[in-house]
Amino acid sequence: MKPLLIQGMPLTRSLRNTWREAGAIITKRLPTEATHWKEMYDRHNCDVVINLGNRNREAWAEWSELPTEHIPVFNRPEEIRAVSTPGYLREHLTRNEAEDLLPPRLTEEDLPCTVWRKGPGFGGRGKERLYTTTMVYPRDNVEDVQLEITGHEYRVITVGNKVVQAHRRYGPNGDRTYEWIGVRGLDRSVRNTVKSAVFFLFDSPLMVIGWDVIYNPRLEYSWILEGNSSPGVNGPTATRILSAIESLMTPNREEPTC
Ligand SMILES: Nc1ncnc2c1ncn2[C@@H]1O[C@H](COP(=O)(O)OP(=O)(O)OP(=O)(O)O)[C@@H](O)[C@H]1O
Ligand SMILES: [Mg+2]
């Protein structure tokens, strides 16, 4: 399996190296034109494309005009849009009657309480925690306002509708650590929540997503905090993702377990 990774946003040097060591070829950040991707795909004999978070529909339109029907593409821009901002995520889940996968919206009965105002951005950017005695509404359609949930946080990776990797997340942004727990270490509620999110959000099973999930042990219930279409990975996770992609594309192949 030799995937071509398209960088939608700049990957750090260490993340690029991690993917390379797992066997991937990586596009330069620019140019992102389709002709450039196709040339790299052919030159390196790649057999699958993984689009890491690129929502550039214009470059993509150009890509789809190339004779590429035979090229499997993971994370097409039209699919990743559903998770690309907190507001779009709510919109898509609501449209599919699956809004309960997200922390609830604020209502008058909840006041006073603590909410999270969440805009686009990663690493905690664009996120604000606030205690409020009055209603707070999203300022635009990319933003979401949600009740604060207490519980354990996880990063869970799915490939298609399979859960392939799981870490527990500790500590605040900027000082965050990840502890490997493996898919079997996940509570069933967390597994079901991410699988439902994949089911309700994507038409195509060709998706690699890193889900941030919060689980409340007392309620035995979990909520999606967000979906990342360009998740950070370590070496074992990158290898596991590529192996899961290979299984998905060759259905009779034996699946790895962890
Ligand atoms: N509704 C919520 N209830 C409780 N905590 C929340 C909620 N929303 C966000 N948080 C906290 O804020 C953190 C960042 O949220 P989120 O993952 O949505 O944003 P992010 O910018 O992608 O951050 P990161 O890159 O660390 O994942 C979460 O890990 C969690 O600790
Ligand atoms: Mg996150």
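Laboratory data are not the source of any read-out in this text; all were calculated from the coordinates shown. Please read all numbers here as calculations on a predicted model, not as lab measurements. When we count neighbours, we look across all protein chains shown, and the Cβ atoms used for this are built from the backbone with ideal geometry, even at glycine.
Each of the trypsin sites (Lys or Arg not before Pro) that DSSP puts in a loop and that has at most 14 other Cβ atoms within 10 Å breaks the chain; the longest unbroken stretch is 30-124. Using a Förster distance of 22 Å, how high is the FRET efficiency between GLU108 and HIS152, based on the Cβ-Cβ distance and rounded to 0.05? Efficiency at R0 = 22 Å is approximately 0.15. Each residue of the stretch 111-118 was assigned a 3J(HN,Hα) from its phi angle through the Karplus curve 6.51 cos²θ - 1.76 cosθ + 1.60 (θ = phi - 60°); the sequence is 6, x, 6, 9, 10, 10, 9, 10 Hz, with glycine and proline shown as x.
Close amide H partners of GLN165, meaning residues 5 or more places away or on another chain with modelled amide H under 5 Å apart, are ILE157. This model, with +1 at the C-beta of Lys and Arg and -1 at the C-beta of Asp and Glu, gives the chain a dipole about its Cα centre of some 820 debye.
Once backbone amide H atoms are built at 1.01 Å from N, SER230 has GLY210 as its partners under 5 Å, excluding neighbours fewer than 5 places away on the same chain. Neighbours of THR94 by Cβ distance under 12 Å: Lys/Arg scored +1, Asp/Glu scored -1, total -2.
Our estimate of slack between ASN234 and ASP203, defined as 0.36 nm per intervening residue step minus the Cα-Cα distance, is 8.4 nm. Net charge in the neighbourhood of ASP144 (other residues with Cβ under 12 Å of its Cβ; Lys, Arg +1, Asp, Glu -1) is 0.
Fewest neighbouring Cβ atoms within 10 Å first, the residues ILE157, ILE214 line up as ILE214, ILE157. For GLU21 and ARG218, a Förster radius of 51 Å and the Cβ-Cβ distance give a FRET efficiency of 0.80, rounded to the nearest 0.05.
From the alpha carbon centroid of the stretch 1-44 to that of the stretch 81-124 is 32 Å. Ranking PHE74, VAL233, SER196 by how far each Cα lies toward the positive end of the dipole of the chain (charges on Cβ) leaves VAL233 at the top. Fully extending the segment from ASN173 to ARG188 would add 2.8 nm, taking 0.36 nm per residue of separation and subtracting the current Cα-Cα distance.
If you count Lys pairs in the chain whose Cα atoms are under 15 Å apart, skipping same-chain pairs closer than 8 places in sequence, the total is 4. Proximity of backbone amide H atoms, modeled 1.01 Å from N, is registered between GLU143 and GLY87 at under 5 Å, excluding neighbours fewer than 5 places apart on the same chain. Projecting the Cα atoms of ILE149, TRP180, TRP223 onto the dipole axis of the chain, where Lys and Arg carry +1 and Asp and Glu carry -1 at the beta carbon, places TRP180 farthest toward the positive end. Label separation (LYS28 vs MET1): 2.9 nm, computed from points 7 Å beyond Cα along the C-beta direction.
May I ask you to list the GluC sites (Glu not before Pro) in the stretch 86-166 that are in a DSSP loop and have at most 12 other Cβ atoms within 10 Å of their Cβ? Hits after loop and neighbour filter: GLU97. Remark: spin-label model distance ASN252-GLU128 equals 5.8 nm, labels positioned 7 Å along the Cα→Cβ axis.
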